[in-house]
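First the structure, in the form of structure tokens, and then the observations on it.
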Amino acid sequence: MKPPDEVECLDYLDSDSFSDYEVCLQDEPTVTSARNAGIDRAKADKLVFLDDDSRPRDGYLSLMSEIFETETAVAGRTVHPRDDVFAGNLTSHYDFGDEPRYVTRFWGCNMGVHRDVFDEIGGWDEKIPWGHEELELAERVLTASPIYYDPELVVDHPYADSVSDYLRKTYRQEMEQPYLWDKAGRSGREQWLMTLSDAVDPANYIGFPVRSALLHGAGTLARAAGRAHGIRRRDAVQTDRREPTPATGADR
């Protein structure tokens, strides 16, 4: 875990006039296990999740606390704070628009869930170490609570630091997609077909500006490679479980 003086979000929280909060910094093997440990450790019921490099803007916690008076699951607007190749289309999924409304997902760098919801649906799925864990949680949250989006809950959070960082993150994240497909009842054949269909879709390789289109195309290939790795990894685990244990000489 980073030393506290290197955790960016702490400086931004400290600079805000709102002071009625506690911070739980967790050093766990995975993102999901750290978040669950934070839930167990926290004394409050209004639970807000930020990444170490999240930069909440002025009034963030005050507004979040106010919204929690009527809502039990909250999403905010996340902004990629750089004018680079990732700005625009590649980060459009970060922003749910300019009007408050109910949405179907949130991002782990800018979200809140009341403890009562976790008590009903359980915590973060620790079978997902990192990658689509917010999507999995959001689907369960929606069985117990709507997710309210407020565009004034703004957090600046870099989407990626470089092209290689983007491709590496995409690959790692998509390794977990087959687990979500399994939970949704998708067969192995369906998973391979969806992976192939996405990889050969021409819409994933064309567009303007050209640099963004090329990066999106490279991301598509990284996504397909990650999913294929996840499927093969899952199949290998299932095969190992089916393999009979060889008998020893004493057993024969």
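Dipole size in debye (nearest 20) for the stretch 1-156 around its Cα centre, Lys and Arg Cβ +1, Asp and Glu Cβ -1? Spell out each step's value before the answer.
Values: 14 positive and 36 negative charges, 76 e Å.
Computed about the Cα centre, the dipole is about 360 debye.
Cβ neighbours within 10 Å, averaged per peptide: list 75-88, 21-34 in order, most packed at the top. Don't skip to the answer; put the middle values down first.
Values: 75-88: 18.2, 21-34: 14.6.
For the peptides 75-88, 21-34, the packing ranking is 75-88, 21-34.
Run the numbers for E152 and R115: contour at 0.36 nm per residue of separation, minus the present Cα-Cα distance, in nm.
Working: separation 37, 0.36 × 37 = 13.32 nm, distance 2.26 nm.
Here the segment from E152 to R115 would lengthen by 11.1 nm.
Which of the three applies to the stretch 103-143, rounded, prolate or oblate, going by the alpha-carbon gyration tensor with a ≥ b ≥ c and a/c under 1.5 meaning rounded?
Details: a/c = 1.56, a/b = 1.19, b/c = 1.32.
Because a/c hits 1.5 or more and a/b fails to exceed b/c, the stretch 103-143 counts as oblate.
What GluC sites (Glu not before Pro) does the stretch 89-170 have in DSSP loop regions with at most 16 other beta carbons within 10 Å? If you can, show how the numbers build up before the last one.
Details: sites: E120, E126, E133, E134, E136, E139, E152; in loops: E126.
Passing sites in the stretch 89-170 are E126.
Considering only protein heavy atoms and a 1.4 Å probe, what is the carbon-and-sulfur percentage of the accessible area of the chain? Don't skip to the answer; put the middle values down first.
Working: 7020 of 13820 Å².
Roughly 51 percent of what the probe reaches on the chain is carbon or sulfur.
Rolling a 1.4 angstrom probe over the protein heavy atoms, how many square angstrom per residue are accessible across the stretch 87-245?
Numbers: 8370 Å² over 159 residues.
It amounts to 53 Å² per residue over the stretch 87-245.
So with the 1.4 Å probe, I'd like the accessible area per residue for the stretch 11-52, rounded to whole Å². Don't skip to the end; give the middle numbers.
Numbers: 2580 Å² over 42 residues.
In whole numbers, the stretch 11-52 has 61 Å² accessible per residue.
Using only the C-alpha atoms of the stretch 29-159, find the volume of their convex hull and express it per residue in Å³. Please report the intermediate quantities before stating the final value.
Working: hull volume 14.5 nm³, N = 131.
It comes to 111 Å³ per residue, whole-number rounded.
Can you give the log10 of the normalised intensity I(q)/I(0) at q = 0.16, 0.21 Å⁻¹, computed with Debye over equal Cα scatterers of the stretch 155-252?
Here log10 of I(q) over I(0) equals -0.77, -1.07.
Just order 198-206, 90-98, 51-59 by mean Cβ neighbour count inside 10 Å, highest at the front, would you? Before the final figure, lay out each step's value.
Values: 198-206: 12.3, 90-98: 14.7, 51-59: 17.9.
Going from most to least packed, we get 51-59, 90-98, 198-206.
Where the centroid of each part is defined by its Cα atoms, how far is the stretch 202-244 from the stretch 1-36 in Å?
The distance from the Cα centre of the stretch 202-244 to that of the stretch 1-36 comes to 32 Å.
Quickly estimate the mean residue ellipticity at 222 nm for the chain, helices only: each DSSP H run with n ≥ 4 gives -39500 (n - 2.57), and the total goes over all residues, rounded to 500. It would help to have the intermediate numbers written out before the result.
On the way: 9 runs with 107 residues, N = 252.
Rounded to the nearest 500, the figure is -13000 deg cm²/dmol.
The values are calculated or read from the model by the stated rules, or taken from the named source; none is laboratory data. Worth saying up front: this structure is predicted, and the values here are computed from it rather than measured. Here Cβ is always computed from backbone atoms with ideal geometry, including for glycine, and neighbour counts include all displayed protein chains. Note: areas computed on protein heavy atoms with side chains; ligands, DNA, RNA excluded. Shrake-Rupley method; radii C 1.70, N 1.55, O 1.52, S 1.80 Å.
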